[in-house]
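Asker: Have a look at the structure that comes next, please.
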Amino acid sequence: MNIKYFPALIFLSFVFACSYNSSELDCTAVSGARFSSSGGQMQALIQNKCSGNDCHSTGGQGSVHWTLGPYNDIKQHFDHMYEAVKSGSMPKAGSAPLTAEELDRFECWHQSGYPE
């Protein structure tokens, strides 16, 4: 490959990477993207995936950041939870990863403003 084309290749790679749009998530088709009311499943998901394994439960390693509690007690942490799940930094290695359905539920919960 000729070195003079390298900058153009980098530029095109950047353009295509930034313009790639995966299929849009249809949140009307995702059930349970509420915390607990109206059939919400987020409280159970957070309980199973975040509070288990001695993480964000009372006395767990993650309890210095937050512990599972009532909606109003932990809602200030929802954006951080979402970003950690979206980036893949949570759940921690060794814990059960979120399924594609659970990730979609987190995304739709975020998009709808974290409804209770």
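Read the figures in this text as sums done on the coordinates, not as results from a lab. Model, not experiment: these values are computed from the prediction. Backbone-built Cβ (ideal geometry, glycine too); neighbour counts: all protein chains shown.
Asker: Within 14 Å, Cβ to Cβ, of F106, how many net charges do the neighbouring residues add up to if Lys/Arg are +1 and Asp/Glu are -1?
Answerer: Numbers: positive: R34, K49, K86, R105; negative: D79, E83, E101, E102, D104, E107.
Computed value for this residue: -2.
Asker: Using Cα positions and a limit of under 20 Å, work out the aspartates and glutamates in reach of K49, with same-chain residues fewer than 8 apart set aside.
Answerer: The reachable aspartates and glutamates, counting only those whose Cα sits under 20 Å from K49, are D73, D79, E83, E101, E102, D104, E107, E116.
Asker: Sticking with this one: Could you give the distance between the Cα centres of segment 22-42 and segment 50-116, to the whole Å?
Answerer: So the two Cα centres are separated by 15 Å.
Asker: Using just the Cα positions, wrap segment 32-111 in a convex hull and report its mean projected area in square nanometres, one decimal place.
Answerer: Numbers: hull surface 19.5 nm².
If I average the Cα hull's projected area over directions, I get 4.9 nm².
Asker: Same structure, new question: Using a 10 Å cut-off around each Cβ, can you sort S38, S63 from fewest to most neighbouring Cβ atoms? Numbers along the way, then the final one.
Answerer: Working: S38 9, S63 15.
So the ranking, lowest neighbour count to highest, is S38, S63.
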